[in-house]
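Peer 1: Would you mind keeping the following structure in view while I ask a few things?
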Amino acid sequence: MSPMKKLLSIIIPVKNESDSLEILFQRLTKIIDNSPNVDYEYIIINDGSTDDTLDKLLEYQKANSHIQMTIIDLSRNFGKEAALYAGFEYANGDCAVSIDADLQDPPELIPEMLECWFQGYEVVTAVHEYRETDTFLKRKTAGLFYKSINKISEVKLTPNAGDFRLLDRAAINAFLTLGEKVRFNKGLFSWIGFKEKLIYHKREVRQAGVSKWNYFKLFKFAIDGITSFSKSPLEIWFYLGMGIAISGFLYGVFIILYKILSGIDVPGYASLLVFVLFFSGLQMIGIGILGKYIGRIFIESKRRPIFIARKIYINEGAADK
Ligand code: UDP
Ligand code: MG
């Protein structure tokens, strides 16, 4: 490695990506070999793959002894957020890019990201535009998610920014100081601050394999995101409860006056049922939200590590480029 060159860490979390790996390395290597200003290393996190992903990684590492490459084999599936944390922890670079293995994040953006970094930006975030193939429901729910979280939380999320970013060493170190166990990267990246540049691209379709997300998981992820970065869901119940109690009181006053003035009993079985159902529903949501936060306190209070590595395979990258 020449002393003049900066080192770029390319961090890739993988879970069952056996079919994507070959083309991924092909495309990445081609691009970065053409970036004369940097040396690079791969940091690959095997996040509990059940297929032959690890074997293929080790094979590739062995066959390419000139490439600096660290493979972190996690002891089980810890989820992408934890896997990325592991990657940043082992990265040696002056800057690092985190990228998905399925090539939905085009590696061709990396030179542009580096360009921005050389200009002095500390975080370069790739923002994807919607694809025509995204369903109406997906666009709408994503839009709604960003709107609501940005309304109620202190940190603002950039809509459609994924985990495909470049971080300067200072930003990496800052990111690593955030040791929470329930991790919501979009929020964490935004929370650390730094001078950020957005670059836009079209998100591609998956190369091979299947996405590990479904609507239920996405919904849970969204709720985790909101409850990680905002206290409003906890606090809103106070105001809602006050409002409901006052309206209940006023309605009671109204019924009594009505009875006195008109002499007619107010028939109300149906409305009674509606009120009971509606408000017991609200109460359960309120309790559920309390549960979410208490669950969070429970998990964080155990102070367990974010990930556990079974083994780290390091290839120092023998040859100077
Ligand atoms: N991934 C991971 N652990 C998981 C799920 C996913 O490391 O538990 C990796 C996966 O191999 C891929 C990236 O995270 O490199 C993005 O995953 P996916 O394509 O399933 O997410 P999507 O693109 O649908 O958001
Ligand atoms: Mg994907």
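Peer 1: What list of ³J(HN,Hα) couplings, whole Hz, do you get for the stretch 229-235 from phi and the Karplus terms 6.51, -1.76, 1.60, once you set θ to phi - 60° and write x for glycine and proline?
Peer 2: 10, 8, 9, 4, x, 6, 8
Peer 1: Still on this model: Setting aside same-chain residues fewer than 8 positions from Lys56, which aspartates and glutamates have a Cα under 19 Å from its Cα?
Peer 2: Reachable aspartates and glutamates: Glu17, Asp19, Glu22, Glu41, Asp47, Asp73, Asp100, Asp102, Glu316.
Peer 1: Under a 1.4 angstrom probe, counting protein chains only, how are Tyr313, Tyr90 ranked by accessible area, largest first?
Peer 2: Values: Tyr313 50, Tyr90 75 Å².
Of Tyr313, Tyr90, the descending order of accessible area is Tyr90, Tyr313.
Peer 1: I'd like the accessible area for His66, computed on protein heavy atoms only with a 1.4 Å probe and all protein chains in place. Round to 10 Å², please.
Peer 2: Accessible area of His66: about 90 Å².
Peer 1: State in Å² the accessible area per residue of the chain; use a 1.4 Å probe, count heavy atoms of protein chains only, and round to the nearest integer.
Peer 2: Heavy-atom SASA per residue in the chain reads 55 Å².
Peer 1: Next question, about the same structure. Residues with beta-carbon under 14 Å from that of Leu290, excluding Leu290: net charge, scoring Lys, Arg +1 and Asp, Glu -1?
Peer 2: Net of charged neighbours comes to +2.
Peer 1: Follow-up question, since we're still on this one. Between rounded, prolate and oblate, where does the stretch 92-188 land on the alpha carbon gyration tensor, with a ≥ b ≥ c its root eigenvalues, rounded for a/c under 1.5, else prolate if a/b exceeds b/c? Mind dumping the intermediate values first?
Peer 2: On the way: a/c = 2.04, a/b = 1.28, b/c = 1.59.
It comes out oblate by the Cα gyration axes.
Peer 1: Further question: Using the alpha-carbon centroid of each, what span in Å lies between the stretch 81-140 and the stretch 1-68?
Peer 2: Between the Cα centres of the stretch 81-140 and the stretch 1-68 lies a distance of 15 Å.
Peer 1: Given Cβ point charges of +1 (Lys, Arg) and -1 (Asp, Glu) and nothing else, what value in debye, to the nearest 20, does the dipole of the chain about its Cα centre take?
Peer 2: Values: 39 positive and 37 negative charges, 242 e Å.
Here the size comes out at about 1160 debye.
Peer 1: Something else now. If the reach is capped at under 29 angstrom between alpha carbons, list the lysines near Lys5, excluding any in the same chain fewer than eight residues apart.
Peer 2: Lys30, Lys62, Lys195, Lys197, Lys321
Peer 1: List the lysines whose alpha-carbon lies under 28 Å from that of Lys302, not counting same-chain residues fewer than 8 positions away?
Peer 2: Filter leaves Lys15, Lys80, Lys181, Lys186, Lys212, Lys217, Lys220, Lys231, Lys292, Lys311.
Peer 1: Can you work out the Karplus-derived ³J(HN,Hα) for every residue in the stretch 141-152? Use 6.51 cos²θ - 1.76 cosθ + 1.60 with θ = phi - 60°, whole Hz, and x for glycine or proline.
Peer 2: Those phi angles translate into 5, 5, x, 5, 4, 5, 4, 6, 5, 6, 6, 9 Hz.
Peer 1: Would you please state the base-10 log of I(q)/I(0) at q = 0.10 1/Å for the chain, with intensities from the Debye formula using one equal scatterer on every alpha carbon?
Peer 2: The computed values of log10 I(q)/I(0) come out as -0.65.
Peer 1: Can you compute 3J(HN,Hα) from phi for each residue in the stretch 102-117, using the Karplus curve 6.51 cos²θ - 1.76 cosθ + 1.60 with θ = phi - 60°, rounded to whole Hz and x for Gly and Pro?
Peer 2: Taking θ as phi minus 60°, the curve returns 8, 6, 6, 9, x, x, 4, 7, 4, x, 5, 4, 4, 3, 4, 5 Hz for the stretch 102-117.
Peer 1: Right, here's the next one. For Ile45, enumerate residues with amide H under 5 Å from its amide H, sequence gap 5+ or separate chain, H modeled in the peptide plane.
Peer 2: Here Ile12, Val14, Ile72 satisfy the definition.
Peer 1: Let me ask something else. For the chain, what % of the accessible area comes from carbon and sulfur atoms, probe 1.4 Å? Before the final figure, lay out the partial values.
Peer 2: Values: 11260 of 17770 Å².
Carbon and sulfur atoms account for 63 percent of the accessible area of the chain.
The values are calculated or read from the model by the stated rules, or taken from the named source; none is laboratory data. Computed from a predicted model, the values in this text were never measured in an experiment. When we count neighbours, we look across all protein chains shown, and the Cβ atoms used for this are built from the backbone with ideal geometry, even at glycine. Protein only, heavy atoms only, side chains kept; ligands, DNA and RNA dropped before computing areas. Shrake-Rupley method; radii C 1.70, N 1.55, O 1.52, S 1.80 Å.
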